[in-house]
Each structure stands twice: as C-alpha cells, then as structure tokens.
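First up is the structure itself, then whatever we jot down about it.
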Amino acid sequence: MPETGRIAEFHEPMKPFKIREVQVPDPEPGAVVIKIRGSNICGSDLHAWHGRFTTKGLGGQLPTVLGHEMVGTVAKLGDGVAIDSDGQPLNVGDLVAYTYFHMCGRCPNCIRGKRMSCYNLNMAMMSSSEKFPHFVGGYGDYYYIHPGAAIYKVPDDVPWELVAGANCALSQVIYGFHRADLRFGETVVIQGAGGLGLYATAVAKASGADKVIVIDGVRDRLDLAEKFGADELIDITEVTESRERQKLVRKMTGGHNADVVMEVVGQASVIPEGINMLGQFGRYVEIGNISSGQTTDLDPTRLVFPNKSIIGVSLYEPWVLGQAIKFLQRSKDKLPLDKIGSTKFKLEDINSAFDAADKREVIRASIVP
Ligand SMILES: [Zn+2]
Ligand SMILES: [Zn+2]
C-alpha cells in the first residue's frame, strides 16, 4: 500500500481548508521530501487566503497548499543529494531549513546572481495540489523540495520552533538590510512590530545600528520589540498624528533623521511618513506591501532633493538563509526568539488558526501536523 500524508487544501479564498490524504512522492534526482515539523502563518499566507496573492489570476493554481515559513526533517533524499548548501553531510532524519522557492540556475537572472528573480522561479503555494508532488506548501505532513532550492542542516542546539520563520521573515529582513547597505553606526526606523519587525529589530542591532526606533500600535508588540533590542518605541495609539511621529524621530536621531527605514506593516499609506523620517541619502526598504492595488501619494521632490531611495525587496538570495540559521544559533540565548511563532495549532485546526492570525490575536501561529 502506498504511503500517504495529509495536506490542508486551499480551494477558494476565505473558505475553510479541506484536509485530504495524498500519496507521499518519491523524490526525483536532486529533490528532497521533508517531514514537516511546523509551518507558520505569515502575512502572505493571510493575503493568499483573502484572495489577494498567489491565487488564480495572480500566477497561482488552485487548489493548492498554502504555507511557506516552515521547517522539517529529511524524510527521503533524491539521488545526488548528500550534502547541504553549506557543504555539511545530509541524512534522513536531519532537521533542515530550506528556501520555499527554487531556481533553474541557468536563466539570464540566475547567471547574473539574481536567483530570486529566476525566469523559471517556482515557489510554495503556487502549484496545483492535484498534481505531483501534491505537497506544494507547508500545511501538510510533508513538503517536496524541488531540485534547485537551498537546504541547510539546522545545528542540534537550535530547536525547530525557532527555525520555522527563518526561510521567510528572518531571511527577508536580513536581505533587506543587505540591499539597503546598512552600515555600522547608522540609525534605523522599523514601521511595524509583527514577526518581520521583531526580526528586523534584532538584525539591525546585530548589524551594528546605533539606534533602532520601532513604530507600532500594539503595546505587547512594542514591549517585545524592546526585548529584541529596540532603543526607542513609538506607539501610534499615543502619538496619533503623523507629523508628531516624524518630529519625534527627528528628535530621537539628534536632528538627522534615520539612515534606513524599513516598512513591514503592509499598508501603502505608511510609506510617505516613513520616507519623511529618512535623512539625506536615506534608504527606504519596502517589504510589506505585497497585495496589489494599494496606492499612496508621494511628492517625488522628497526623494530627489535629499538623495533618498526606495528599495523594493521580494524574496532573497539563497545564501541569506544560511546566515539566518547562524544568526539564530548565536542569538537564541540572548533574544526571546521563541515569542515569534509561539502559538501552535494542529493541522486539523487550521481554520481556527487562520481566524486567530487574521484577527491578529497571535504574533505568529504555527501549524503543527
Ligand atoms: Zn512569509
Ligand atoms: Zn533561473
């Protein structure tokens, strides 16, 4: 009898997921089958659930399996896979982190080292779950890693709960600061203290930022941001006027404004405020806005005269994931990393998990098979 496993199938936006048993595939050469340990609900999973991202008409196929911030153990190794992307031996049973997207390695963008812009890029949540390999997203018992994805063995002293957010949220902000060329001693403003914002706070401090200012409207998140290293907090329920917040940032930065502002709220309306919080030659890192159709008014002279730039960042170069795992290993005893993704839901309770995540009742929910 063939071995089977469950997937939580996503058929239609805002409709309940359907749990279905499908056959666990045998990996093709270069591929790996993963036994999922946990898969978070990230903002983009929520966007997809609402029908604003990766669904039909936006490049994806339905039904599919959502979930991409995930971690698991090696269940089956395809021919030719004996080491991870860091050169370490890889065996069945090893806990691993991996990119949720895979690249062809031979198209013009792959050749130019811009692999996350691969012409043939494929990623979790985009393929039909009715076809091989069925396990096309994180909300299931297994996940199929195609040839061409990066895979990193997780050190024994790092628990899986800390790693689930590594391949999306954490790698995304590390790469965002890399793209913005964040330098030692610079000042950073982070708009939003959800999972991305908390990681961003810690990464900015670890990169040598002199001061990190975090803006949010939820007190618990701001308190947590402080534990992740934030030097200053701005609560938008207390400082309700944008002008006042801008003044506050200017004061907190000794009149210079910030060198880097990172947007991880996902609302276009916060962009002009963030750009105004930048000083001369400031870099605005745009990560959060992934649902199309939102617009904002922007006076371009605010970019031109002060030599400011906006850097849009989607996905990351695969090597970043290796750095993310090392960052987690050296930070795990210093930061409350377990607070990100701390609420666990069983796979069969995925509908209540999405409800809770959608109402922002939890910082990050984890679906555990
Ligand atoms: Zn994500
Ligand atoms: Zn390519």
Computed over the chain: longest principal axis from alpha-carbon atoms vs helix 195-206 long axis, angle to nearest 10 degrees, is 70
Please work out the C-alpha center-to-center distance from region 62-126 to region 195-264 and express it in whole Å. 33
Along the Cα→Cβ direction, 7 angstrom out, place labels at SER352 and LYS334. What is the inter-label distance in nm? 3.8
Give the lysines whose C-alpha is closer than 22 Å to that of LYS251, dropping any in the same chain fewer than 8 places away, or say none. LYS205, LYS211, LYS308
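Could you list the GluC sites (Glu not before Pro) in region 138-238 that lie in coil according to DSSP, counting only those with at most 12 other Cβ atoms within 10 Å of their Cβ?
Values: sites: GLU161, GLU186, GLU226, GLU232, GLU238; in loops: GLU186, GLU238.
Those that pass, being in a loop and sparsely packed, are GLU238.
How do 139-146, 102-109 rank on mean C-beta neighbours within 10 Å, highest first? Don't skip to the answer; put the middle values down first.
Numbers: 139-146: 25.5, 102-109: 16.4.
So the peptides 139-146, 102-109, ranked by packing, come out 139-146, 102-109.
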Considering every Cα-Cα pair within region 67-187, what fraction, in whole percent, is farther apart than 17 Å? 62
Which lysines, if any, have their Cα less than 30 Å from the Cα of LYS346, not counting same-chain residues under 8 positions apart? LYS15, LYS18, LYS35, LYS56, LYS76, LYS131, LYS153, LYS227, LYS326, LYS332, LYS334, LYS359
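Note down the net charge around TYR143, summing +1 for each Lys or Arg and -1 for each Asp or Glu among other residues with Cβ under 11 Å from its Cβ.
Within the 11 Å Cβ shell, the charges total +1.
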How far is helix 242-252 tilted, in degrees, relative to the longest principal axis of the Cα atoms in the chain, given as a value from 0 to 90 rounded to the nearest 10? 80
Considering only DSSP states other than H, G, I, E and B, which trypsin sites (Lys or Arg not before Pro) in region 279-369 qualify as loop sites with at most 14 other Cβ atoms within 10 Å? LYS334, LYS359, ARG360
Add +1 for every Lys or Arg and -1 for every Asp or Glu among the other residues with Cβ under 9 Å from the Cβ of LYS308, and state the total. +2
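Cβ under 13 Å from ASN289's Cβ, ASN289 left aside: what net charge do those residues give with Lys, Arg +1 and Asp, Glu -1?
On the way: positive: ARG52; negative: GLU263, GLU286.
Every neighbour counted, the sum reads -1.
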Along Cα→Cβ, 7 Å out, is where each label goes; now give me the distance between the ones at ASN109 and TRP319 in nm to one decimal. 1.9
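Could you work out [θ]222 nm for the chain from helices alone, using -39500 (n - 2.57) per DSSP H run of at least four and dividing by all its residues? Round to the nearest 500 deg cm²/dmol.
Working: 11 runs with 88 residues, N = 369.
Only helices count here, giving -6500 deg cm²/dmol.
Among 263-271, 75-83, how do they line up by average Cβ neighbours within 10 Å per residue, starting with the highest?
Values: 263-271: 20.9, 75-83: 14.4.
Per-residue Cβ counts within 10 Å, averaged per peptide and sorted highest first, yield 263-271, 75-83.
Under a point-charge model restricted to the Cβ atoms of Lys and Arg (+1) and Asp and Glu (-1), what is the dipole moment magnitude of region 192-314 relative to its Cα centre, in debye to the nearest 20?
Numbers: 13 positive and 17 negative charges, 60 e Å.
Charge dipole, region 192-314, about its Cα centre: 280 debye, nearest 20.
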Counting pairs of alpha carbon atoms under 8 Å apart in space and at least six apart in sequence, what relative contact order in percent does the chain give? 18
When every alpha-carbon pair in region 172-312 is counted, what percent end up more than 28 Å apart? 7
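Just for the chain, what percent of DSSP beta bridges are antiparallel, to the closest 5? It would help to have the intermediate numbers written out before the result.
Values: 30 of 56 bridges.
For the chain, the DSSP antiparallel bridge percentage is about 55.
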Stokes-Einstein at 4 °C, 1.567 mPa s, Kirkwood radius from Cα pairs: D for the chain in µm² s⁻¹? 62
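Need the full-extension length gain, GLU238 to SER128, defined as separation in residues times 0.36 nm minus the C-alpha distance. One decimal, nm. Show your work: numbers first, answer last.
Working: separation 110, 0.36 × 110 = 39.60 nm, distance 4.59 nm.
Value of the extension gain: 35.0 nm.
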Gain in span if fully extended, ILE83 to THR296, counting 0.36 nm per residue against the direct Cα distance: 72.0 nm
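All of the numbers you see were taken from the coordinates with simple rules; none came from a lab. Not measured: the values here are computed from a predicted model. Backbone-built Cβ (ideal geometry, glycine too); neighbour counts: all protein chains shown.
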